[in-house]
1. Once the Cα gyration tensor of the chain is diagonalised, what are the square roots of 5 times its eigenvalues, in whole Å and ordered largest first, as equivalent ellipsoid semi-axes?
2. Roughly what would the spin-label model give for Ser419 and Arg124, points 7 Å off Cα along C-beta, in nm?
3. Suppose every Lys and Arg Cβ carries +1 and every Asp and Glu Cβ carries -1, with no other charges. What dipole size does segment 81-217 come out with about its Cα centre, to the nearest 20 debye?
4. For the chain, what does the relative contact order come out to in percent, with C-alpha contacts under 8 Å and a separation of six or more?
5. Could you work out how far apart the two model spin labels at Ala52 and Leu79 are, taking each label as a point 7 Å from the Cα in the direction of the beta carbon, and quote it in nm?
6. Compute the distance in nm between two label points, each set 7 Å from the Cα along the Cα-to-Cβ direction, one at Lys318 and one at Ile221.
7. Lys and Arg at +1, Asp and Glu at -1: add these up for the other residues within a Cβ distance under 9 Å of Arg263 and post the number.
8. What list do you get for Val231, Val415 if you sort them by fewest beta carbons within 10 Å?
Amino acid sequence: MINSRIFGHLWSTSESHAIFGEQARVARWLDVIIALAEAQAECGVIPKAAAAEISALRGRELPIETIAERTRTTGHSTLGLILTLRELLTPTAAEYVYYGATVQDITDTSQVLEIRAVGSLLWRDLRIIEEMLLALASEHRETPMAGRTHGQIGSPISFGFKVASWADEIGRHIERLHDGRRRWLVGQFAGAVGTLGFFDEWGLTLRSAFCRRLSLGEPAISWLSARDRVVEFAHVIATTATSLARIGNEVYNLQRQEIGELRERASPSTVGSITMPHKRNPEGSEQIVTLAQTARAQAGILADAMVHEHERDGRTWKVEWAAFPALSHCVLSATSLSKALLSGLEVDAPAMERNLAIVSASESMLSIMAARIGKHHAQHLLQSAFLDAKENGVSLPSVLAEKATEEELALLSSVELGSSAKMVDQVVHSARRRRSFETESWQ
């Protein structure tokens, strides 16, 4: 579905394809190989002239079909690329391509560059989404609606209170992205089994120069078999998509026609149903939920790669090659759809007020009556009164006329929002303060 010309727009974005397209992957591998050669020349491991010739290949579009055919022929993950690069160099420089490196040095570091690209887009999108939610929460900090528990109408809340809960959750994901950068953006240069044995005493100096050239952190020890960095990032972004799904799922439910409190904006060309013209399907919100389900599944697959045998195990880290791009496509698509959903969200305040109906004051009445006759007695009395009114088709005030005081009966026509507005203000203030210290860019 990600690469479908018909449905791909629902499972990926142009930006996610720019990261994970075949040509982009090869270009990223080449950047890593060039950084390695430059670092080796800096440390005196290879001739500077050879490194300069290898560096001159940066930005060159390489023949994908040739690389693919050679990869199939050799059965080696990166040899197809190396053979192709060697043909573009003089015999002397060709000897120093991929010098002393192993597959994982190239692919792991390349994957870290993918993490950096995905994280940067996610950082940007989440900050946009949070800003939308903060504005919406402030606008509706006192817009009354029914709070619901167990799928049933409960006590009143404000719509801003609901939205502020979303914003607060997204803010925690932004903090997780901020806190995880130094753990995740770490280069890999390890050699055959992680000891950098090919380079003798130059190993650690070379690794430092290599990571510096790619603007990546340097690990204390090679992480060929320690996959927790990739897995942690995967679960953070999958959980982020799931928080977006919580928003999408709520919008999906509240735009049911029998509720009608929220609606996705539809373009004039949108067709809800071919056979039922009255329908306006929640395409955006339901797709966000679907993407989050897929993202969680891919993150689970990646977690399996943490159980690694010995110093290198291709059965595990090659799983990442398939699962990580799929996960990233889904998450970036979820953020893109969430931005569109929130930017066009229609709030029907009259419908919210209408749905509150007479049950809106039950919690307030319980609180007032509890002080007079005791909490458990008041709860039993009110529950019986609500049931009597519903089953016999009579008004609640008439049922309670002889059991409640005038002050208590007056609550039936009031809407008490508790501390909704104050909590909205706290979320907005906290987020604004945190954002004032954040950088626009994740890197």
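Values in this text are rule-based calculations from the coordinates and carry no lab data. What you see is a predicted model; the values in this text were computed from it and never measured. Ideal geometry is used to build each Cβ from the backbone, glycine not excepted, and the neighbour counts take in all protein chains shown.
1. Whole-Å semi-axes of the equivalent ellipsoid: 59, 23, 18.
2. 3.9
3. Approximately 220 debye in magnitude.
4. Relative contact order comes out at 20 percent.
5. Each label point lies 7 Å from its Cα, and together they span 3.3 nm.
6. Between Lys318 and Ile221, the simple spin-label model gives 2.7 nm.
7. -2
8. With the sparsest Cβ surroundings first, the list reads Val415, Val231.
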